[in-house]
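Below: one structure, written as structure tokens.
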Amino acid sequence: MNNLVIAIDGPAGAGKSTISKKISKKLGINYIDTGAMYRAITYKCLKEKIDILDEKKVIEICEKSEVDFIDNKIYLDGKSINDEIRMQIVSANVSNVAKIARVREIMVKKQREIGQKNDVILDGRDVGTCIFPNTKYKFYLNASPEERGKRRYLELKEKGENVVLEDIIKEIKKRDYIDSTRKVAPLTKAEDAIEVDSTNMSVDEVVNYIVKKVRES
Ligand code: CDP
């Protein structure tokens, strides 16, 4: 693997996607939001009224779905679904889809294929631990659950969703719990990842810090 791969992992709402998008622009590299792929499958299951806890059915949906990135944007079966996958109903269900081993197998294969072709920054839960464990550039982005909840709440409010801050914080904590205790590729900091606590940092401060670290090494 000779291309540049930057791995940004961390818990829900830590700012990974905002930071990764900015870094991708700054460095002129591709951006892959790995979480968007799990969200896409979750969205499809909800739309088709599949019981999320019925693993067999979820796997069936996953196996027959086409999830792609075009211009760094997520597509499901040829349709752009950027806004749909951010809905709170998708967030509340996605971790139960992402914990299914077969679903992860299909997604990780795709993520590796995309990541092997071009210089890329990927954000998610298992980029540095599982998808690209050999990359030199690994970061673990964190912030307090309250701060993460507040950021996500403001984002959703801005999009016109009718949400309650306490519910968002609860959902984020629940998702972190499922993500970090699942059997396959649980959320954890890779030993060689640099941890960045963004609780009291601005977006640009985090972006500049990571870009500097990448350029230094
Ligand atoms: O943006 P946010 O941090 O809320 O979440 P996301 O990155 O869109 O990821 C949504 C969910 O997908 C996570 O809570 C995980 O359950 C799952 N996920 C995963 O299992 N592995 C990844 N590499 C990325 C996301």
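Annotations
- Selection of the stretch 85-103 for residues being within 10 Å of the ligand (Cβ to nearest atom) and among the basic types (Lys, Arg) yields Arg86, Lys99.
- Within the stretch 189-217, residues that are more than 15 Å from Val5 (Cα to Cα) reach partners that are part of a loop (DSSP other than H, G, I, E, B) and open to solvent by 60 Å² or more (accessible area, probe 1.4 Å) with beta carbons closer than 7 Å, at six or more positions or on different chains, in the pairs Glu195/Lys189.
- The set of residues in the stretch 35-91 being aliphatic (A, V, I, L, M) and in a strand (DSSP E or B) consists of Val67, Ile70, Ile74, Leu76.
- Selection count, the stretch 3-52, where residues are within 12 Å of the ligand (Cβ to nearest atom), surrounded by fewer than 24 Cβ atoms within 10 Å (Cβ to Cβ) and polar (S, T, N, Q): 2
- Output for the stretch 77-123, where each listed residue is free of Cβ contacts under 8 Å to residues at least 60 places away in the same chain, out of contact with any Asp or Glu (no Cβ under 9 Å at 6 or more places or on another chain), of a type outside the set (Asp, Glu) and open to solvent by 60 Å² or more (accessible area, probe 1.4 Å): Lys79, Ile89, Lys109, Arg112
- Residue list for the stretch 29-50, filter: without any contact (Cβ under 8 Å) to a residue 24 or more places away in the chain and not β-branched (Val, Ile, Thr): Lys47, Glu48, Lys49
- The strands (runs of 3 or more DSSP E) falling completely within the stretch 106-217 that include 1 or more residues that are within 10 Å of the ligand (Cβ to nearest atom) map to 120-124, 137-142.
The values are calculated or read from the model by the stated rules, or taken from the named source; none is laboratory data. What you are looking at is a predicted structure, and each value in this text was computed from that prediction instead of being measured. Don't worry about glycine lacking a Cβ; one is built from the backbone with ideal geometry, like all the others, and counts go over all protein chains shown. Accessible surface areas use protein heavy atoms only, side chains included; no ligands, DNA or RNA. Shrake-Rupley method; radii C 1.70, N 1.55, O 1.52, S 1.80 Å.
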